[in-house]
Amino acid sequence: MQNKRKICVVTGTRAEYGLLSGLMDSISKEDSMQLQIIATGTHLEPEFGSTYKQIEADGFYIDKKVEMSLSSDTPKGIVKSMGIEFVGIADAYDELNPDLIIVLGDRYEIFVAVSVAMMLRLPVAHLHGGEATFGAIDESIRHSITKMSHVHFTSTDEYRDRVVQLGENPINIYNVGAIGIDNINNMELLSKQQLEDDLSFKFGAKNILVTFHPATLEATSSKTQFRQVLNALDELEDTQIIFTKANADADGRVINHMIDDYVANNQQKTIGFTSMGQLRYLSALKYVDMVLGNSSSGIIEAPYFKIGTVNVGARQDGRIKPESVIDCQTDKESVASAIQSVYSNEFQEKLKTMDSPYGDGEAAKMIMEVLKTVKLDNIVYKKFYDTKETT
């Protein structure tokens, strides 16, 4: 009997796990594959919801939990946490001996996981490479991960071309669309009443979902930016607001403390969550009027619900944005004006016929076909693909 191909998924955050969960389920059910899971980062931190428990509640076995000790969100503190992860990831790979590692995105936890894989000559498959986010340090991390990876699954043709531009061989680059769309199509979302009961929160005439993360390369501080967002929210009437807390980037705790204070002072119209989970988050998108903040979910997932997105600041500059996204500056007046634009009759009519460039929700299916057939022998010994030599 042929040995199963050991596919190791490394996940460090609630959001990234939510995107990967459908693919992980497909791998676990494939006879020719053995799913391995390494959980690290905020998954293991009580402050961020200990979301490894959600992975286990979904029926997955976590093969290795790699601690990072995310006790500080200063740049120096994060670097120290990365150092701890380097050691733990190396030990985990040594014990699990995977045939292929799968990662998604552009965070420092994943940068560590892929750096270790490179040194151990383990093949890596990377999802969502080739994208651009000029306002965040994620930009550099993402492209670095691309150069250390060997199989690439991009979300648009333009992003695929950028991975080629980075010197990767087109033979191993596949445009499959955004994997988050799979969950929207495949998941049975909660009814409005079920969601209200689950959240202990009542929707109103107007409803906004706020997801704001630190903008790690912008000139003004995350605290200053988010204060302007809250000031704009103060001006709204008859509006219910759901906050999802920030990730473990530099200044993430500052934003989370501000959310806690704001919710405490506005209990009749707000609620905040460290982690909503994929089901509740996607269900919320179905019933809110817009997403407000600087998260990629407002650009990739929100458009499929025909709702608007107010994208604040430069964190997502460079991404391909559907017409449902309204960009604004980080001052109160710009945020307030963008919110009003989303509610305008003209914009609401445009939403009805708007299309998105991020695929049709078949990403996991296409990825699985590649995972079954891609040849891994000697794939780590790759050459720079020079586009000048092929034109």
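The values are calculated or read from the model by the stated rules, or taken from the named source; none is laboratory data. Computed from a prediction, not measured in an experiment: that's the story for all the values here. Here Cβ is always computed from backbone atoms with ideal geometry, including for glycine, and neighbour counts include all displayed protein chains.
The conditions of being surrounded by fewer than 22 Cβ atoms within 10 Å (Cβ to Cβ) and assigned to a loop (DSSP other than H, G, I, E, B) are not met by ASP25.
Conditions (1) surrounded by 17 or more Cβ atoms within 10 Å (Cβ to Cβ); (2) in contact with a Lys or Arg (Cβ under 6 Å, 6 or more places away or on another chain); (3) under 21 Å from ALA284 (Cα atoms), marked per residue:
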position: ASN311; (1), (2), (3): yes, no, yes
position: GLN316; (1), (2), (3): yes, no, no
position: ILE326; (1), (2), (3): yes, no, yes
position: GLN329; (1), (2), (3): no, no, no
position: GLU333; (1), (2), (3): no, no, no
position: TYR343; (1), (2), (3): no, no, yes
position: GLN348; (1), (2), (3): no, no, yes
position: THR387; (1), (2), (3): no, no, no
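Of everything in region 82-111 that is of a type in the set (A, V, I, L, M, F, W, C) and without any contact (Cβ under 8 Å) to a residue 40 or more places away in the chain, the residue that is nearest to GLU362 (Cα to Cα) is PHE111.
Quick check on VAL79: is it assigned to a helix (DSSP H, G or I) and β-branched (Val, Ile, Thr)? Yes: the conditions hold for VAL79. Scanning region 124-150 for residues that are of a type outside the set (Lys, Arg), under 20 Å from VAL370 (Cα atoms) and surrounded by fewer than 22 Cβ atoms within 10 Å (Cβ to Cβ) turns up just one, MET148.
Number of residues in region 234-268 that are buried (at least 19 other Cβ atoms within 10 Å of the Cβ), over 18 Å from SER296 (Cα atoms) and in contact with a strand residue (DSSP E or B) (Cβ under 6 Å, 6 or more places away or on another chain): the value is 3.
Scanning region 112-129 for residues that are part of a loop (DSSP other than H, G, I, E, B) and touching a residue at least 40 places away in the same chain (Cβ under 8 Å) returns ARG121, LEU122, PRO123, HIS128.
So which residues in region 276-298 are in a loop (DSSP other than H, G, I, E, B), among the hydrophobic types (A, V, I, L, M, F, W, C) and either within 16 Å of the chain's Cα centre (by Cα) or crowded, with 24+ Cβ neighbours inside 10 Å (or both), if there are any at all? Passing the criteria: only MET276. Within region 163-218, being in the same structural domain as PHE305 (by TED's automatic domain parsing) and part of a strand (DSSP E or B) holds for LYS206, ASN207, ILE208, LEU209, VAL210, THR211. Just one residue in the set GLU95, GLU109, GLU45, GLU56 is of a type outside the set (Val, Ile, Thr), modelled with pLDDT of 95 or more and buried (at least 16 other Cβ atoms within 10 Å of the Cβ); that residue is GLU109. The residue pairs whose first member lies in region 1-28 and is within 14 Å of LEU127 (Cβ to Cβ) and aliphatic (A, V, I, L, M), whose second member is assigned to a helix (DSSP H, G or I) and modelled with pLDDT under 95, and whose beta carbons are closer than 6 Å, counting only pairs six or more residues apart or on different chains, are LEU19/GLY180.
Return a yes/no flag: does region 65-76 have any residue that is part of a helix (DSSP H, G or I), touching a residue at least 60 places away in the same chain (Cβ under 8 Å) and more than 30 Å from ALA215 (Cβ to Cβ). Scanning region 65-76, I find no residue that is part of a helix (DSSP H, G or I), touching a residue at least 60 places away in the same chain (Cβ under 8 Å) and more than 30 Å from ALA215 (Cβ to Cβ), so the answer is no. In region 361-383, which residues are surrounded by fewer than 11 Cβ atoms within 10 Å (Cβ to Cβ) and either on the phi < 0 side of the Ramachandran plot or assigned to a helix (DSSP H, G or I) (or both)? Passing the criteria: THR373, LYS375, ASP377, TYR381, LYS383.
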